Amino acid sequence: MMRLTLFVLLVGLSACTSMVPRKDLPYPLSNRESGDPVKVVSIPLPVIASSPNEGVTSGALTAFLIHDKHDEINTLLAPQLNYNPNFGTTATLYGAFYPTADLFWEFNLAKSSKINDDVEVRFRDTTFFSHDLELNSFVFYLTDGSARFFGFQSNSTKLGETNYADQEFGFNVSAGYKIGKYYQVVFGERLKGVNIMRGAFSSIPFIRDRYATQDVPGIDGFTAHAQRLALVYSTLNSPIMPTFGGYAKVSVENSSEILGSTADYRHYEVEAKGFIPVDDARYVSAFRLIYNQTLGASVPFLERSILGGETTLRGYGRNRFIDNSYLLLNLEERIRLFRWEVFGVTADWEVAPFVDLGSVMKSLAEFKSSSFEFNPGLGVRAVVRPNLIGRVDIGWGNDGPAVFVGLGYPF
């Protein structure tokens with residue numbers, strides 16, 4: 001994900017609002033929901049981003065916010081140029097397009113002068129069969145030179161830390177069909193190829209210099225080709241920024257050597273989350289509970305059950321804990337402080353104290369309360385309705401504080 005600090009987007013030092021003839025903004029920059037002329041707000045900004053694995057990144061961007069005829073943002077385009085001491089200079093172009101409430105496109109293109117690169121395209125369409133069929137696709141090619149591996153199990157420590165460059169490419173597609181008002185059956189398929197190379201941190205041991213292939217399957221690269229089936233129940237009032245309702249999902253995924261995977265294994269997952277509003281949704285209590293289980297022999301380490309990062313345990317970097325299963329509880333209170341309009345853009349400013357509680361384990365039968373990580377933290381968010389969220393989350397774990405900057409709610 002592009003490290004774009006959208007929440008500061010509304011307080012830039014300078015901004016410009018332009019009215020551009022619609023013919024000068026080809027699709028998808030404008031669409032049938034656009035007015036004529038089209039309102040475009042451009043905001044140049046400094047960028048500061050941080051993550052436990054990558055370190056501090058600084059630079060500059062210009063955010064172009066393109067409005068529709070209802071004066072809502074339906075296109076975001078953000079070129080940026082950043083510098084990180086570990087990866088050098090990175091040029092990035094990010095775009096998000098909402099032609100209608102039923103369509104969504106997103107892309108991220110990034111290239112660093114050292115190791116890192118990223119090409120991602122996402123697409124969602126719910127216009128088929130009277131909106132009963134939802135199609136999702138994700139195509140990607142990326143290299144992350146900041147990846148870490150600490151060993152398996154919940155007691156892995158900083159002493160086992162290693163670095164590598166995680167190069168991945170593939171796709172993830174799914175089709176979900178509504179059954180009644182609240183249920184959906186989802187069929188999906190994903191293909192992922194992984195290469196493991198030397199990373200960007202010479203001060204940290206390379207993964208293959210410390211761990212053997214027989215002990216950590218997948219450290220010499222692997223292929224995953226898996227099919228999944230899920231049953232979803234949802235009463236959420238919004239798929240992107242819910243303030244009310246409940247959600248539950250049960251899913252199973254199978255990876256088979258016959259279809260090209262490196263190993264045979266299965267994923268099982270049960271997830272429940274809910275949102276309880278108070279005072280006209282000025283306060284929203286949010287929770288999520290997940291149990292994930294991976295079964296199989298010689299399962300590649302990046303295909304097992306993993307915790308750590310901006311959407312799970314926010315007191316640790318990505319992929320901090322790995323084992324055959326995990327149990328995770330996220331609690332968060334989203335508090336709207338005020339609503340502010342500046343440069344023609346209206347945002348709800350939120351703070352979100354949170355607690356993340358989770359642990360990896362071989363199986364649920366080996367559950368031990370003493371192995372759980374307790375990560376308290378605080379989030380700051382700007383919500384530009386109906387579809388844009390920028391956030392900064394600061395969590396505290398045993399390795400020290402972790403800061404995540406990004407787009408969208410964590411769950």
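Observations on the structure shown:
- Count of segment 225-247 residues, restricted to those that are out of contact with any strand residue (DSSP E or B) (no Cβ under 8 Å at 6 or more places or on another chain) and open to solvent by less than 40 Å² (accessible area, probe 1.4 Å), is 1.
- Answer residue from segment 21-43, given it is over 17 Å from GLY95 (Cβ atoms) and touching a residue at least 24 places away in the same chain (Cβ under 8 Å) and is least open to solvent (accessible area, probe 1.4 Å) among those: GLY35
- Taken together, LEU81, LEU109, LEU159, LEU135 contain a single residue that is at pLDDT below 95, open to solvent by 40 Å² or more (accessible area, probe 1.4 Å), not in a loop (DSSP other than H, G, I, E, B) and not aromatic (Phe, Trp, Tyr), which is LEU159.
- Tallying residues that are among the β-branched types (Val, Ile, Thr) and under 13 Å from the mean Cα position of the chain (by Cα) within segment 309-324 yields 2.
- Residues in segment 112-132 that are closer than 20 Å to ARG32 by Cα and open to solvent by 40 Å² or more (accessible area, probe 1.4 Å): PHE123, ARG124, THR127, PHE128, SER130, HIS131.
- Residue in segment 321-330 that is within 28 Å of VAL232 (Cα to Cα), open to solvent by 30 Å² or more (accessible area, probe 1.4 Å) and in a loop (DSSP other than H, G, I, E, B) present: yes
- Filtering segment 283-308 to residues that are of a type outside the set (A, V, I, L, M, F, W, C), in a loop (DSSP other than H, G, I, E, B) and at pLDDT 95 or above leaves PRO300, ARG304, GLY308.
- Considering PHE338, PHE354, the condition of being out of contact with any Ser or Thr (no Cβ under 8 Å at 6 or more places or on another chain), among the aromatic types (Phe, Trp, Tyr), surrounded by fewer than 17 Cβ atoms within 10 Å (Cβ to Cβ) and part of a strand (DSSP E or B) is satisfied by PHE338 alone.
- Of all positions in segment 217-226, none carries a residue that is closer than 26 Å to LEU327 by Cβ, without any contact (Cβ under 8 Å) to a residue 40 or more places away in the chain and either in contact with a Phe, Trp or Tyr (Cβ under 7 Å, 6 or more places away or on another chain) or charged (D, E, K, R) (or both).
- Qualifying residue in segment 248-255 (condition: at positive phi, in contact with an Asp or Glu (Cβ under 8 Å, 6 or more places away or on another chain) and not acidic (Asp, Glu)): no
- VAL216 being out of contact with any His (no Cβ under 7 Å at 6 or more places or on another chain) and not in a loop (DSSP other than H, G, I, E, B): no
- Remark: LEU295 falls outside the filter, which requires a residue to be surrounded by 17 or more Cβ atoms within 10 Å (Cβ to Cβ) and within 17 Å of MET361 (Cα to Cα).
- Pick from segment 88-109, criterion more than 16 Å from the chain's Cα centre (by Cα) and in contact (Cβ under 8 Å) with a residue 60 or more places away in the chain, ranking: farthest from ILE240 (Cα to Cα): THR92
- Just one of the listed residues (ILE240, ILE290) is touching a residue at least 12 places away in the same chain (Cβ under 8 Å) and either under 21 Å from PHE152 (Cβ atoms) or more than 20 Å from the chain's Cα centre (by Cα) (or both), namely ILE290.
- Checking each residue of segment 58-68 against the condition of being touching a Cys at 6+ places or on another chain (Cβ under 9 Å) and of a type in the set (Val, Ile, Thr) gives no match.
- GLY160 over 30 Å from GLU134 (Cα atoms), of a type outside the set (Phe, Trp, Tyr) and in contact with a Phe, Trp or Tyr (Cβ under 7 Å, 6 or more places away or on another chain): yes
- Residues located in segment 138-149, provided they are open to solvent by 20 Å² or more (accessible area, probe 1.4 Å) and over 19 Å from PHE97 (Cβ atoms): TYR141, LEU142, ASP144
- Count of segment 124-176 residues, restricted to those that are at positive phi and among the small types (Gly, Ala, Ser), is 3.
- Segment 254-270, residues that are open to solvent by less than 20 Å² (accessible area, probe 1.4 Å) and either in contact with a His (Cβ under 7 Å, 6 or more places away or on another chain) or part of a strand (DSSP E or B) (or both): SER255, SER261, TYR265
- In segment 60-73, the condition of being open to solvent by less than 50 Å² (accessible area, probe 1.4 Å), under 30 Å from GLY309 (Cβ atoms) and among the polar types (S, T, N, Q) is met by at least one residue.
- When GLY408, GLY379, GLY358 are checked against the criterion of being at pLDDT 90 or above, within 23 Å of GLU72 (Cα to Cα) and either of a type in the set (A, V, I, L, M) or under 19 Å from the mean Cα position of the chain (by Cα) (or both), GLY408 stands alone in meeting it.
The values are calculated or read from the model by the stated rules, or taken from the named source; none is laboratory data. If you're wondering where the values come from, they're calculated on a predicted model, not measured in any experiment. Positions of Cβ are backbone-derived with ideal geometry, glycine not excepted, and every protein chain shown enters the neighbour counts. Quick note on the areas: whole protein, heavy atoms, side chains included, nothing else; ligands and nucleic acids left out. Shrake-Rupley method; radii C 1.70, N 1.55, O 1.52, S 1.80 Å.
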